[in-house]
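Scroll down for the structure; my scribbles are underneath it.
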Amino acid sequence: MSTGPSTGIGTGPNNGPKTGTPPGGAGVPGGEPGAPAPSGGALRSGGPLLEVRDLRVEFRTRDGVARAVDGVSWSVAPGETLAVLGESGSGKSVTAQAAMGILDTPPGRITGGEILFRGRDLLKLREDERRRIRGARMAMIFQDALSSLNPVLTVGDQLGEMFTVHRGMSRRGARAKAVELMERVRIPAARERVGQYPHQFSGGMRQRIMIAMALSLEPDLIIADEPTTALDVTVQAQVMDLLAELRRELGMGLVLITHDLGVVADVADRIAVMYAGRIVETAPVHDLYKAPAHPYTRGLLDSIPRPDRKDADLYAISGLPPNPVAVPPGCAFHPRCPMARDVCRTGEPELSRVSAERESACFFWRECLRG
Amino acid sequence: MAEPTRPAEPIIEVRDLHKHYPLTRGIVFRKQVGAVRAVDGVDLDLCAGETLGVVGESGCGKSTLAKLLVNLERPTSGAIRYKGEDITRLSARALRAVRRNIQIVFQDPYTSLNPRMTVGDIVGEPFEIHPEAAPKGDRRRRVRELLDVVGLDPAYVNRYPHQFSGGQRQRIGIARGLALRPEVIVADEPVSALDVSVQAQVVNLLERLQQDFGLGYVFIAHDLSIVRHISDRIAVMYLGRIVETGREAEICDHPTHPYTQALLSAVPVPDPSARGRGPAWDGGGDEGHGGGAGNGGGGGRIILSGDVPSPADIPSGCRFRTRCWKARERCAGEEPHLAVPEPFRDVRGPARHDSACHFAEVRRVVPGGGRRAAE
Amino acid sequence: MPEAPYGDGPAIAPAGGGGAMDLATAEGGTLEQAPAPAGPSGPGPAGRPRSLWSDAWHDLRRNPVFVVAALVILFLFAISVWPQLIAPGNPLDCDLARAQQGSRAGHPFGFDGQGCDVYTRTVHGARTSVTVGVCATLGVALLGSALGGFAGFLGGVPDALLSRLTDVFFAIPVVLGGLVLLSVVTSDTVWPVIGFMLLLGWPQVSRIARGSVIAAKQNDYVQAARALGASPARLLLKHVMPNAVAPVIVVATIALGTYVSLEATLSYLGVGLRPPTVSWGIDISAASPYIRNAPHMLLWPAGALAVTVLAFIMLGDAVRDALDPKLR
């Protein structure tokens, strides 16, 4: 909020007396969050904010080439939350790193596809052009907040650095900005704590600081990679709520990379389920939870303990996620799939349209939908 | 403990257990400047063949409790009785015998297996340490049998741990724990490091082993949804103490401690229709109390404010009061004891269980915060 | 804020049809029956055990740095054991008449200040350097890892004492210490020099060993073995040490190179080995006054020394990379 007067950003209804955030000044949710960043002049072209098209990423390992991401496409619109759900090794984080331009190459290598940010292919940009987009237009939040913060600089310095470096502000101005950001992410007593070091904050507070840092240059898009996995359950809820609220207030796009179905159900609008480097199902979140159109999604949902079925065994997807260098032929999920037939072992199912907003990469999605 | 109807004699009794880690300053002349009170007065009972779930957030002392139970740490004070005998004061020889009966499964399957040993050596090590448990010629067969029991191909005996996935490694760890046919297994977050699709497999395995071998479990986790699935009884831990304990249905359907209620409500539920839950200021939440306490009351989602205080600096009185929306002056001055709260002493039914809260009241919490139809 | 109403809608029906639950009824469905274990290392040839060591060996064989260094070192070992193989002459067979002469047929490296054949002396000098290097390294590694390992494993008072003691030894400047200590020794053998290296070298290894033992000790598998009732000896020998030796091996490999050059330094300063002994250090020391008019006298022993030290350091580097699981 470099210019707008309403920098306090009001608290949502469920945050009433929690922090000392200045009241009032709440923007219209989902509307314009005050003046946007100078670079964001051409706003809302109507199309998607970030679009990943047929992305392919390979990793060279000792045992061969692992196709970590194998033809993945998704997009996120301004103000939308897309959840990319998958287990470890499904390629969900690699996709995010590729989109953000922070993929380690080598060992990784982008072998195909496009990553369009407001229609421009990021993969064709020069490194310095990309850098300008990174941080200012799209920002990322990581799982481990402690290792993402510099332990020898105060939180205020690290938050203020964004403004002194990118905006050429004075130190004093940057400090004020840092306090403002800390208040925005509802850190109590921000004015007093701005001079403290990262280790003096608890895990939840550190993750808030990371969020504040990501927000500092008012990006159009935030990619959050397992933002609450390292946090305690009661703190997870706080942080997810904060993210969801900020997204509403600032009208950003949010890509949420996670393995946690519960987190997804809480905040996502749309969901893309990944398995073995591919998307197996995309759907609006309500539809997906009501009736999954892929047996993998169904298995994940069914394996969640339910109080009303306490005495029964938990449903468990049999077998293991595949080795990324030796993904089974045909449908990668077929060795674990209760519905698998012969065709699944040989034919590779493409994503096919289930409804206007849904796709499933299962030959038998109709049966799956029926349950 | 005011639970009158305990079916069987407990096999493990924990009484007033404390573990404090001294905080020292100075290199040559050390002086103690404080203590981390990781476990600070815990009472527990475990009966043969039952599962006791211990839930709490990080820093609540649940992992220290696990280490104390298997004698990897010596308590500062208090007793752990196994079949009536205090195992915290045993000689090394007597302790060895007890260890055969109480085993542990660790959280992280990547650090709990020695990378330089084959699977056969790892699972067979208990027999080398306790040669009396299996005659020498029989050990290989026993190891293969154990691998089979936990669902691994016995042909894998010559492989090394890094050749396995997390779920398979956890099975190896479980096989090692089972080798000596213990009566009790302490499982310290056994599935939280595993992939979602594999967690259910391991939970099912643990349940099956319990039926087959009559094991008693102390199942430690931060995730109430799995604990509630597997446990007969649940103890909720906060900052080194148990704040509420009772049978699974008592704790999950009739929680009386605000922390339990908050934990229950924080369990994410894979159901987007539970969304839109709000603060619901309709009960208990007396503004201005406890300095920025979270919202609460009613049937809505409870989101606690703040984080767990440091166990080196535990709040006076009730340790939960700094995050509690019900906190009053009494909570700061007087520590509530773990007992059946007064309003429920004369009633029958699930609300009558131990809870360490001055203002205990039943509140039905639906995980995820959606409101269940009124009773 | 125009929020959605609070979640007081109807009771939440758990998602997912109940029908799919039936799919899990078969017991086998809960077991992992993938024939080959997944994971980054992938399936090796069926049943063949693969340890971290064999993985490391697999890496090393394909590492050209390692191969070159290992070949150089093998060659060095060979000529230290059998110098006659490539230099049949006697290194002490000197003729002042040939002093400082350049190379000529049969004497490719020329002659030194005493008229001895530089080629023969350089080849025969390898034995001294390798003996000093290998003995000092072995001694330092054994002594240092034993002391550091026990201190790290036991902790408490022994650990505090050893830590302070190593600090004291670290404060001793190597060259000055050598000048002081070795100048009082009169011996023609290599043992005083090796003894000196042992004295000053063990703290370095002990510190590394202590650190890696402490790190290994905290692993859950050590706790698991303790929970099974394993004795301290078993914990140390079976669980802690095998997982703590890698850094010690690496440090020792690199240290070997420095000991070889330290021997040369001490000999150059006149407190190391003494003339009847053939050593690169002595020859470098003897040749240095004539560096202008007869550089070949210095060049060959110094070159041999440099190549040797480099080879050991390269070997150490390669071994470290191969043993570091994080680089996999």
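The values are calculated or read from the model by the stated rules, or taken from the named source; none is laboratory data. If you're wondering where the values come from, they're calculated on a predicted model, not measured in any experiment. Heads up, the Cβs are rebuilt from the backbone with ideal geometry, glycines too, and the neighbour counts pull from every protein chain shown.
Annotations
- Comparison of B:Ile185, B:Ile172 shows that the only residue that is outside any helix (DSSP H, G or I), modelled with pLDDT of 90 or more and under 30 Å from B:Cys47 (Cα atoms) is B:Ile185.
- Among the residues making up the range A:319-371, those that are touching a residue at least 24 places away in the same chain (Cβ under 8 Å) and β-branched (Val, Ile, Thr) are A:Val325, A:Val327, A:Val354.
- In the range B:239-271, of all residues being part of a loop (DSSP other than H, G, I, E, B) and within 13 Å of B:Asp354 (Cα to Cα), the one that is farthest from the other protein chains (Cβ to nearest Cβ) corresponds to B:Thr256.
- Of all residues in the range A:243-252 being surrounded by fewer than 24 Cβ atoms within 10 Å (Cβ to Cβ) and not charged (D, E, K, R), the one that is farthest from A:Glu183 (Cα to Cα): A:Gly251
- Filtered residue count, the range A:329-371, keeping only those that are within 13 Å of A:Tyr296 (Cα to Cα) and among the aliphatic types (A, V, I, L, M): 5
- Test: B:Arg81 is of a type outside the set (A, V, I, L, M, F, W, C) and more than 20 Å from C:Gln223 (Cα to Cα): yes
- Matching residues, the range A:62-78, being surrounded by fewer than 24 Cβ atoms within 10 Å (Cβ to Cβ) and within 14 Å of the chain's Cα centre (by Cα): A:Trp74, A:Ser75, A:Ala77, A:Pro78
- Selection of the range C:233-286 for residues being under 30 Å from B:Val184 (Cα atoms) and out of contact with any helix residue (DSSP H, G or I) (no Cβ under 8 Å at 6 or more places or on another chain) yields C:Ala233, C:Leu237.
- Filter result (surrounded by 24 or more Cβ atoms within 10 Å (Cβ to Cβ) and closer than 17 Å to A:Glu226 by Cα) within the range A:265-297: A:Ala265, A:Asp266, A:Ala268, A:Ile271, A:Ala272, A:Val273, A:Met274, A:Tyr275
Here is a yes/no grid of residues against (1) in contact with a Leu (Cβ under 8 Å, 6 or more places away or on another chain); (2) under 30 Å from C:Pro247 (Cβ atoms); (3) in a helix (DSSP H, G or I):
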| site | (1), (2), (3) |
| --- | --- |
| C:Gly257 | yes, yes, yes |
| C:Ser261 | yes, yes, yes |
| C:Ser267 | yes, no, yes |
| C:Asn293 | no, no, no |
| C:Leu299 | no, no, yes |
| C:Leu310 | no, yes, yes |
| C:Met314 | no, yes, yes |
| C:Asp321 | yes, yes, yes |
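Quick grid of which residues meet (1) among the hydrophobic types (A, V, I, L, M, F, W, C); (2) under 25 Å from the mean Cα position of the chain (by Cα); (3) part of a loop (DSSP other than H, G, I, E, B):
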site	(1), (2), (3)
A:Thr111	no, yes, no
A:Arg131	no, yes, no
A:Gln158	no, yes, no
A:Glu161	no, yes, no
A:Ala178	yes, yes, no
A:Arg186	no, yes, yes
A:Glu192	no, no, no
A:Arg206	no, yes, no
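- B:Ile172 being more than 7 Å from every other protein chain (Cβ to nearest Cβ) and of a type in the set (Val, Ile, Thr): yes
- Condition check for A:Val343: at pLDDT below 90, over 18 Å from A:Arg370 (Cα atoms), more than 9 Å from chain B (Cβ to nearest Cβ) and not in a loop (DSSP other than H, G, I, E, B): yes
- Candidates C:Gly47, C:Gly39, C:Gly125, C:Gly110 - the one that is crowded, with 19+ Cβ neighbours inside 10 Å, more than 20 Å from the chain's Cα centre (by Cα) and either within 30 Å of B:Leu205 (Cα to Cα) or at pLDDT below 70 (or both): C:Gly39
- Close pairs from the range A:107-133: first without any contact (Cβ under 8 Å) to a residue 12 or more places away in the chain and assigned by TED's automatic domain parsing to the domain that holds A:Glu58, partner of a type in the set (Ser, Thr, Tyr) and surrounded by fewer than 13 Cβ atoms within 10 Å (Cβ to Cβ), Cβ under 7 Å, at least 6 apart: none
- Residue in the range C:62-73 that is within 14 Å of chain A (Cβ to nearest Cβ) and either at pLDDT below 80 or in contact with a helix residue (DSSP H, G or I) (Cβ under 7 Å, 6 or more places away or on another chain) (or both) present: yes
- The set of residues in the range B:52-71 being over 15 Å from B:Val14 (Cα atoms) and modelled with pLDDT of 90 or more consists of B:Val55 alone.
- Filter result for the condition that a residue is in contact (Cβ under 8 Å) with a residue 40 or more places away in the chain, under 19 Å from A:Gly89 (Cα atoms) and touching a strand residue (DSSP E or B) at 6+ places or on another chain (Cβ under 6 Å), over A:Val285, A:Val273: A:Val273
- Which numbered condition B:Ser77 fails, given (1) buried (at least 17 other Cβ atoms within 10 Å of the Cβ); (2) within 28 Å of B:Tyr259 (Cα to Cα): (1)
- C:Val260 being within 14 Å of chain B (Cβ to nearest Cβ) and over 20 Å from B:Leu72 (Cβ atoms): no
- Filtered residues of the range C:239-266 (kept if free of Cβ contacts under 8 Å to residues at least 40 places away in the same chain and crowded, with 22+ Cβ neighbours inside 10 Å): C:His239
- Taking the conditions (1) surrounded by 21 or more Cβ atoms within 10 Å (Cβ to Cβ); (2) of a type in the set (Gly, Ala, Ser); (3) under 22 Å from A:Glu350 (Cβ atoms) in turn, A:Ala139 satisfies each one other than (3).
- Positions within the range B:44-61 being outside any strand (DSSP E or B) and charged (D, E, K, R), in sequence order: B:Glu50, B:Glu57
- If you go through the range B:75-90 and keep only what is over 17 Å from B:Leu44 (Cα atoms) and either touching a Gly at 6+ places or on another chain (Cβ under 8 Å) or within 12 Å of another protein chain (Cβ to nearest Cβ) (or both), you end up with just B:Leu90.
- Checking each residue in the range A:314-338 for being buried (at least 23 other Cβ atoms within 10 Å of the Cβ), more than 13 Å from chain B (Cβ to nearest Cβ) and more than 15 Å from A:Arg278 (Cβ to Cβ) picks out no residue at all.
- Taking the range B:91-109 as the range and being closer than 26 Å to B:Pro161 by Cβ and either at the interface with chain C (Cβ under 7 Å from one of its Cβ atoms) or of a type in the set (Ser, Thr, Tyr) (or both) as the test, the residues that pass are B:Arg96, B:Arg99, B:Gln103, B:Ile104, B:Phe106, B:Asp108.
- Any hit, the range C:176-183, residues being surrounded by fewer than 22 Cβ atoms within 10 Å (Cβ to Cβ), assigned to a helix (DSSP H, G or I) and within 22 Å of the chain's Cα centre (by Cα): no
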